[in-house]
Amino acid sequence: MKRVAILGSTGSIGQSALAVVSAHPERLRVVALSAGENVPRLAEQVAQYAPDTVAMASPAGLAEVQSALRRQGAPLPPTTACGAEGLLAVATHPDADVVLFASSGTAALDAVLAAIDCGKTIALANKEILVMAGSIVMERARRRGVTVLPVDSEHNAIHQCAHGRDPRDIRRLILTASGGPFRELPASRLAHVSADDALRHPTWRMGPKITIDSATLMNKGLEVIEAHWLFGVEPRQIDVVVHPQSIVHSMIELVDGSIIAQLGVTDMRLPIQYAFSYPERWSAPLAALDLTRAGRLEFEPPDMDRFPCLALAFRALEGDVGLPIVLNAANEVAVAEFLQARLGFTAIPEVIRDAMETYEQSGPAMISGLDDVRTVDKWARAFARGRAQGNLSAVEGRGPVGR
């Protein structure tokens, strides 16, 4: 029996993870859950899985969950918490063997490090954590002897292909991208697409932020940076190919030219189950991939002129150590502004590029710990917000305070 804690249980990844738990009740038990604002869904999950610890973003939300449980006649969890304290309580639950970080954004960074310090196996679906602080997180995991298992379908595929191989035998990693909903849309029309258009992903069902990132190809850019830290490869060893069918989830090329690929149905329950079962393999209650019905498998290079976010991510990875932090923070702000119809689709990479260039002009940063990460992150968010809203008087031309 493996005991699981989930941060972000009401999102798409969290719900898929709980479906995996339900499929293997003799092997998996939920001991802790955290969520943001979805009170009805969290109340349902708590009633069904009876975790020991439950956390919510706000005290008001937690109170609503408790009220909902009382109305249902369901028992209240023994331990509850809110905000950052709640994330830490879930991530460090003393009985948890595996902690799944399924929330998006950077709020869970402290919780990841705390879970590592407690010796938990980390199942990571949160790209931003490694983009912001990959060196800090992976070095801490190495020192503590903690396993970090990727849940993203692409990195999970790489892990499966590379598992048991000598790293010296791997020439490059090949991440596949669906291309998003605008893969064939003329460049002249991209400036006019709406958030509703961008949220119609052709193959995956995900949360709004990651779906917009997929439309801009920033999702793949973040995955490039994440792959660098997860697998210890240089930027020149990471390639991206567009594969619209999303059947080949990623590949590795060996030094002799052989390419090893992982194929599967487009269902996040598979990589989640892999992370939960590792190093074992369990049967899955899913239809197997039928290659005779899959049709053609197409591959093409990404168009970085139409989708410059991917190029910006490679540039960030190859540049100053603080650039990925700026890239991630500016992207989060720009995507939020786009979802609120306050920023155009093609303006998202413009905001990110301006933040990166302003940061570079102010000189290199010293990133030696989380305080430095937060300083750069805070400055980049302020800059991106001002740039997106047309008010740069407070931040334009200045780098992070204390540099």
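Can you tell me which residue among 17, 32, 55, 60 is more than 18 Å from residue 274 (Cβ to Cβ) and assigned to a helix (DSSP H, G or I)? Answer to the selection: 60.
Taking the stretch 16-37 as the range and being modelled with pLDDT of 95 or more and among the charged types (D, E, K, R) as the test, the residues that pass are 26, 27, 29. Taking the criterion of being open to solvent by 20 Å² or more (accessible area, probe 1.4 Å), at pLDDT 95 or above and either within 20 Å of residue 181 (Cβ to Cβ) or within 23 Å of the chain's Cα centre (by Cα) (or both), the residues of the stretch 348-377 that qualify are 350, 353. Note on the stretch 145-170: residues that are in contact with a helix residue (DSSP H, G or I) (Cβ under 7 Å, 6 or more places away or on another chain) and of a type in the set (D, E, K, R) total 2.
Being touching a helix residue (DSSP H, G or I) at 6+ places or on another chain (Cβ under 6 Å) and of a type outside the set (A, V, I, L, M) is not true of residue 253. Does residue 80 count as more than 19 Å from the chain's Cα centre (by Cα), among the β-branched types (Val, Ile, Thr), modelled with pLDDT of 95 or more and over 30 Å from residue 270 (Cβ atoms)? Yes. Taking the criterion of being in contact (Cβ under 8 Å) with a residue 60 or more places away in the chain and of a type in the set (D, E, K, R), the residues of the stretch 237-266 that qualify are 239, 253. Here residue 196 meets the list (1) closer than 22 Å to residue 318 by Cα; (2) part of a helix (DSSP H, G or I); (3) open to solvent by 30 Å² or more (accessible area, probe 1.4 Å); (4) out of contact with any Gly (no Cβ under 9 Å at 6 or more places or on another chain) almost entirely, failing just condition (1).
The set of residues from the stretch 258-305 being in a helix (DSSP H, G or I) and among the β-branched types (Val, Ile, Thr) comprises 272, 292. Taking the criterion of being in a helix (DSSP H, G or I), open to solvent by 20 Å² or more (accessible area, probe 1.4 Å) and in contact with a Lys or Arg (Cβ under 7 Å, 6 or more places away or on another chain), the only residue of the stretch 219-257 that qualifies is 237. Looking at 338, 276, 345, just one residue is in contact (Cβ under 8 Å) with a residue 24 or more places away in the chain, more than 20 Å from the chain's Cα centre (by Cα) and open to solvent by less than 20 Å² (accessible area, probe 1.4 Å), and that residue is 345.
The values are calculated or read from the model by the stated rules, or taken from the named source; none is laboratory data. Quantities reported herein were computed from a predicted structural model and do not represent experimental measurements. Note: ideal-geometry Cβ built from the backbone for every residue, glycine included; neighbour counts use all protein chains shown. Only protein heavy atoms, including side chains, enter the accessible area calculation; ligands, DNA and RNA are left aside. Shrake-Rupley method; radii C 1.70, N 1.55, O 1.52, S 1.80 Å.
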